[in-house]
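The values are calculated or read from the model by the stated rules, or taken from the named source; none is laboratory data. Because the structure is a prediction, the values reported are computed rather than measured. Virtual Cβ from ideal backbone geometry, glycine too; neighbours counted across all protein chains shown. All accessible areas refer to the heavy atoms of the entire protein, side chains included, with ligands and DNA or RNA removed. Shrake-Rupley method; radii C 1.70, N 1.55, O 1.52, S 1.80 Å.
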Amino acid sequence: MTRVQRTEDRPVTTLDERAPAWSPRTARARFRAGLAGPTAGVAAGHTQANLIAVPADWAYDMLLFCQRNPRPCPVLDVTDAGSPATVLAEGADLRTDLPRYRVWQDGELVAEPTDARPHWRGDLVAFLLGCSFTFEWALSRAGVPIRHVEQGRNVPMYVTGRPCRPAGRLSGPMVVSMRPVPPERLGAAIRESSLLPAVHGGPVHCGDPAGLGIADLDRPDFGDPVTRQEGDIPVFWACGVTPQAAVMASRPPFAITHAPGQMLLTDARDEQYRLVGVD
């Protein structure tokens, strides 16, 4: 199938090395003040969320798209039209409290601000979707190395050849994030992420990237390439950038999203979304 346009990420500021110890409220305040960069490793133990806000007359199509494609688009919250607030983060403002945003018109990227207030509209309905950064703490506790965090890079993300199930006017390919995993830790990576289905759950593919239609791991469509260690297996998880691929493919008149890898830090704890009673 035809790939959507590739959009390069602009360089970002490296976040403070103390970021894992920040509270979500502190992280949001830092981002509100202008700090930008990937949020992997920020506010340990707290749930992170992707953002996509669309006009109200597109909101049903987006909700249906998420319902039909729950692996890449697991919904954590949906706001009232025009509201910049979410129950996931007390006092947060969705227009200012993410590190960086993307503004889309007719499927084209037109701005990447750190403050979305000048672009926010009274008819926007915001969807907050689970993010795989959330389960990285569980992977780390299980001994799975997080290569992009170790290397100070954004997680690599790829547009795949797998189409999502269309919904109304929205369609597009699934996007995946990739983490290299040593073979002896593969079982732990699958087990730990599978216990968190609300933040994408287990991998959608392990091994040869050609199985997803990915030609070159060193050329991600979003984020940064990471250096793999000898023997590492590329492991792919469904990614919340998928709605951005749908925006590029379906060309709604307007949308605001997070910049890939730069999420909302919520007050929710990881364990709130972890399956219990499962071994």
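So if the hydrodynamic radius of the range 133-241 is defined as the Kirkwood radius over C-alpha pairs, what does Stokes-Einstein give as its diffusion coefficient at 37 °C and 0.692 mPa s, in µm² per second?
Result for D is 232 µm²/s.
Once you've got the GNM for the chain with C-alpha springs shorter than 10 Å, pick whichever of HIS258, HIS148, HIS200 has the biggest mean-square fluctuation.
With Cα springs under 10 Å in the chain, the top fluctuation among HIS258, HIS148, HIS200 is at HIS148.
Give me the number: length gained by fully extending CYS206 to SER83, i.e. 0.36 nm times residue separation minus the C-alpha to C-alpha distance, one decimal in nm.
Here the segment from CYS206 to SER83 would lengthen by 40.4 nm.
With all distinct Cα pairs included, what does the Kirkwood hydrodynamic radius of the range 223-265 come out to in Å, to one decimal, could you say?
Hydrodynamic radius (Kirkwood, Cα pairs) of the range 223-265 is 13.1 Å.
Averaged per residue, what accessible surface does the range 133-241 expose to a 1.4 Å probe, in Å²?
Numbers: 4040 Å² over 109 residues.
Per residue, the range 133-241 has an accessible area of 37 Å².
Extension gain LEU217-GLU90, at 0.36 nm per residue separation less the Cα-Cα distance, in nm?
41.9 nm
Does anything in the range 119-150 have its amide N under 19 Å from the 7 Å Cα→Cβ label point of GLN229, and if so which residues?
Taking a point 7 Å out along Cα→Cβ of GLN229, the residues of the range 119-150 whose backbone N falls under 19 Å are 136-150.
Report, by chain and number, residues whose modeled amide H sits under 5 Å from the one on ALA89, excluding near sequence neighbours (fewer than 5 apart, same chain).
ASP267
Quick one: how many Å² of TRP237 are accessible to a 1.4 Å probe, rounded to 10?
Estimated to the nearest 10 Å², TRP237 gives 0 Å².
With springs connecting C-alpha atoms under 10 Å apart, model the chain as a Gaussian network and identify which of ALA40, ALA111, ALA138 has the largest mean-square fluctuation.
ALA111
Report the per residue volume, in Å³, of the convex hull enclosing the C-alpha atoms of the range 83-160.
Output value, Cα hull per residue: 153 Å³.
First compute the accessible area of the chain with a 1.4 Å probe, then give the percent of it belonging to carbon and sulfur atoms.
The computed percentage sits at 49.
Want the number for GLU150 to ASP16: 0.36 nm per residue separation, take away the alpha-carbon distance, what's left?
Length gained between GLU150 and ASP16: 46.9 nm.
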